[in-house]
1. Neighbouring Cβ atoms within 10 Å as the yardstick, rank T295, T307 fewest first.
2. Would you mind computing, in nm to one decimal, how far apart the modelled labels at D100 and D25 are, each placed 7 Å from Cα along Cα→Cβ?
3. Roughly what % antiparallel, to the nearest 5, for the DSSP beta bridges in the chain?
4. In deg cm²/dmol and to the nearest 500, what is the mean residue ellipticity at 222 nm of the chain if only DSSP H runs of at least 4 residues count, each as -39500 (n - 2.57), divided by the residue total?
5. Points 7 angstrom from Cα along the Cβ direction at E187 and N48: gap in nanometres?
6. Once you have the Cα-Cα distance between E457 and S166, take 0.36 nm times their residue separation minus that, and quote the gain in nm to one decimal.
7. Determine, from the Cβ-Cβ distance of V286 and A510 and an R0 of 30 Å, the FRET efficiency 1/(1 + (r/R0)^6), rounded to the nearest 0.05.
8. Give the order of H440, H179 when sorted by the count of other beta carbons within 10 angstrom, beginning with the fewest.
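Each reported figure results from applying straightforward, stated rules to the coordinates on display, with no laboratory input. Small disclaimer: the values here were computed from a predicted structure and weren't measured. Don't worry about glycine lacking a Cβ; one is built from the backbone with ideal geometry, like all the others, and counts go over all protein chains shown.
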Amino acid sequence: MTKSVADVLADTAAQRPDHSALIHDSEHVTYGWLWEQSCRYASVLRANGVRPGDRVALLLVDTPHFPVVYFGVLAAGAVAVPLNVMSTASEIDHVLTDADARFLVCAASLLARAREAAEPLGTVLLTVGPGPAGTVDLENAAQDAAPIDDCAEREPDDVAVVFYTSGTTGEPKGVMLTHRNILYNVERMVTTPYAFRSDDVLLGCLPLSHGFGQICGMLTGFRAGISIVMMPRFSGREALALMREHRCTVFMGVPTMYVKLLDAVAQGEPIPRLDRVYSGGSALPVKTLDDVRSTFGCPVYEGYGMTETSCSVAYHYPGLTFRSGTVGVPITGITVGIARPHADGIDLLPVGEVGEIVVRGPNVMAGYLGRPDVTAEVLIDGWFLTGDLGRLDADGYLSVVGRKKDLILRGGYNVYPREIEEILVRHPAVAQVAVIGVPHPELGEEPWAVVVPARPEDITPGSDQEIIEWGKQRLAAYKYPRRVEFIDALPIGSSGKVLKRMLVSKYEPAAGA
């Protein structure tokens, strides 16, 4: 195993320098060029004061500049702190302050927000593209810079990347992933589950600032030496067109992307020929999985993971018997348990019981940056407590029931939203659904269903009762939702997950009334 994540690109560039690493706006960027530019950027970064261990924030759109800056930072021995391009100035300020980032590299198009956050803090601002007087433009400076000769030496347990969580519970926290964490998952995922071949072409539509796109897509893809078609903004029609144009063999996406792909096909968009597709980020409804498999005529491999586990824990993969409703089996070398946490540790539960999913292995984060107290709450006896509920069967297949915080307690019974969602999404009038718990004066909580209709014109007076009756016929009496609300679109976070907290805030007042 190499010591630095930068070696992922360096090694492949040495082996196949003339192969296309990226395709962006029909321009092919080779591995050799990409690594040389990264080394030039590393040289400029060093000349401007970046030292090994420094944290460098990245506010960059998904163009070839992102990997050039990213690998330049790592080659210089610094720590990459990626920021979502939708971040506000106050959100950027929080990350710069919390991470104690001495430098911020931003795209010229995002300069206004970057300056507003960086200047009051004294953070050194570097741009990619022309910036204001006195600001270093990495792209321009790199043209005359000599590439560094060697990557800075890093130890396996040195931090490589700090990802900030989406802040669904309190302020965003910095997840510290070491070179060992990331490389462990990359080295295993390249063959299982992704089974990448050197001639594969991946549609890269996942944000590179997020772990799924960065680790599972870019890093694992570069380790295998495949070509990645870059797509900065996702739309179903454009994604299908790009896959046809560049003859993509592999697609990776979150469930909301698959819904948009199916919708585009339903509207007449021609179907590309894919070899396999992968889903992650959040639970893929079984109906959607079945529709994707039948529409595209290829296997759909669903997986499970999170930022704190270097983004992957378990997966279906080629050669593994598919089991509907599960996320496959743990990746080699990673141990998954179902537990009942308590003050003195955790108790692992027997096969088939529902409890909190806990993970142990070289992929588990070093901790939350500057938050030893919060880290201690989730890292217990070598196990990482995921906050997700699930079960393991006798053959080791993992099923994810839902988030602990989304569990609904109705009259003393546990109600799992995903179970209800899987039933309701099969109703012909339902395109997407999210089930939330709202307060009830006698029962504690009551499940409500928030539905995006398949066709808005089909929603008529009484449609909500039809969907309620659909659930009543198929679910136990304490599970089916007593109320259905219709909405044009579910609120989606940067990682593609439905923001249920926003739905709860929206509908809680109605429940109280």
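1. Details: T295 14, T307 20.
Least crowded to most crowded, the residues run T295, T307.
2. 4.0 nm
3. Details: 50 of 85 bridges.
Given both bridge residues lie in the chain, the antiparallel proportion sits at roughly 60 percent.
4. Only helices count here, giving -9000 deg cm²/dmol.
5. With each label placed 7 Å out from Cα toward Cβ, I get 3.4 nm.
6. Working: separation 291, 0.36 × 291 = 104.76 nm, distance 3.46 nm.
Stretched out fully, the E457 to S166 stretch lengthens by 101.3 nm.
7. Values: r = 30 Å, r/R0 = 1.00.
Once the sixth-power term is evaluated, E becomes 0.50.
8. Values: H440 17, H179 23.
Result, fewest neighbours first: H440, H179.
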